[in-house]
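Reviewing the structure listed below.
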Amino acid sequence: MTNVNIPVITIDGPSGAGKGTIAQMLALELSWNILDSGALYRTLAYFMKENQISLDEFQDKQNEIKKRFLVSFDPGIPGEPVRVLFENKDVTSIVRTEEMAKLTSNLAAEPIIREFIKPCQRDFMTLPGLIADGRDMGTVIFSDAKHKIFLTASVEERAKRRQTQLKRQGLEVNMRSLLQELEERDRKDMEREHSPLVPAEDSVIIDTSNLNPEGVVKEIKIYL
Ligand code: C5P
């Protein structure tokens, strides 16, 4: 399935565990491609919302959607989120809201959506290598990747990080509701039937609660 000549590092874990930051740092350092699969799901959710495509209509419109669903990523600059480009537009701030996250999490539990996204994700695997960030990168999409990392952190720490991230985007959010939303989303992602969020058996699990990004990258490099 995975082209063995193209190296892939998968980085999975729950929201706010630091996947985006770490994936960005590694992609910039190695000059590899980056796949932010969460943003891919978010962009599909945004596209369906904008074009008023319901899940029921998705099956019939799949071919047409496929032609239009061309997303690319720019690792951007450290400290800022990975940029999401779609239909000649930078949709980063549009897709990275909590409202879109909630919508996305519901959509991502649907097998038809996951099947649709599967080949889109694998298309990102090009030379010189790929950093793939998500929930099922190591378990399903790039299951034979040589390096698999699973990042985790306490829910309080993850909520704090999310709040800082959203603040940087100019969005003010209440900590209590953020905690609740995060827990709800984690539960949905972990309990869903298709591609639930679990560490791959052959992954390295790193708790990032008490580590800064440089510390996490240092630890990952031990395993590369
Ligand atoms: O990582 P991010 O918060 O952007 O992901 C948004 C949502 O997309 C997640 O809560 C999850 O439901 C879904 N997702 C997924 N599989 C992935 C990446 C994200 O189901 N590989």
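The values are calculated or read from the model by the stated rules, or taken from the named source; none is laboratory data. Computed from a predicted model, the values in this text were never measured in an experiment. Here Cβ is always computed from backbone atoms with ideal geometry, including for glycine, and neighbour counts include all displayed protein chains. What goes into the accessible areas is simple: the full protein's heavy atoms, side chains included, and nothing from ligands, DNA or RNA. Shrake-Rupley method; radii C 1.70, N 1.55, O 1.52, S 1.80 Å.
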(message) Could you work out the relative contact order of region 140-224? I mean the mean sequence separation of Cα pairs under 8 Å and 6+ apart, divided by the number of residues, in percent.
(response) 45
(message) Which entries of K67/K160; K61/K221; K49/K188; K118/K218 have Cα-Cα distances beyond 32 Å here?
(response) K67/K160; K61/K221
(message) Is the C-alpha gyration tensor of region 7-48 telling us rounded, prolate or oblate? Criteria: a/c under 1.5 is rounded; beyond that, a/b larger than b/c is prolate, otherwise oblate.
(response) prolate
(request) Would you tell me the accessible area of S143, worked out with a 1.4 angstrom probe on the heavy atoms of the protein chains, in Å² to the nearest 10? (result) 40
(message) Among P75, G215, A132, which residue has its Cα furthest toward the positive end of the charge dipole of region 8-217, with +1 on Lys/Arg Cβ and -1 on Asp/Glu Cβ?
(response) P75
(request) Send over a whole-number figure in Å² for the accessible area per residue of region 8-217, probe 1.4 Å. (result) 48
(request) State the answer as a single residue: which of P7, S195, A108 lies farthest towards the positive end of the charge dipole of the chain, with beta carbon charges of +1 for Lys and Arg and -1 for Asp and Glu, about the Cα centre. (result) P7
(message) Let me spell out the model: positive unit charges on the Cβ of Lys and Arg, negative unit charges on the Cβ of Asp and Glu, origin at the Cα centre of the chain. What dipole size does that give, in debye rounded to 20?
(response) 360
(request) Mind ranking 61-67, 79-85, 163-169 by how tightly packed they are, going by the mean number of other C-beta atoms within 10 angstrom, highest first? (result) 79-85, 163-169, 61-67
(request) Report relative contact order for the chain in percent, whole number only (criteria: Cα-Cα under 8 Å, sequence separation at least 6). (result) 35
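What percentage of the solvent-accessible surface of the chain, computed with a 1.4 Å probe over protein heavy atoms, is contributed by carbon and sulfur atoms?
The value for the chain is 50 percent carbon and sulfur by accessible area.
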(message) Can you give the FRET efficiency to the nearest 0.05 for K102 and E64, using r as the Cβ-Cβ distance and R₀ = 30 Å?
(response) 0.70
(message) Using the alpha carbons of the chain, what is the convex hull volume per residue in cubic angstrom, as a whole number?
(response) 121
(request) Can you tell me the dipole magnitude for region 108-224 around its Cα centre, using point charges on the Cβ only (Lys, Arg +1; Asp, Glu -1), in Debye to the nearest 20? (result) 400
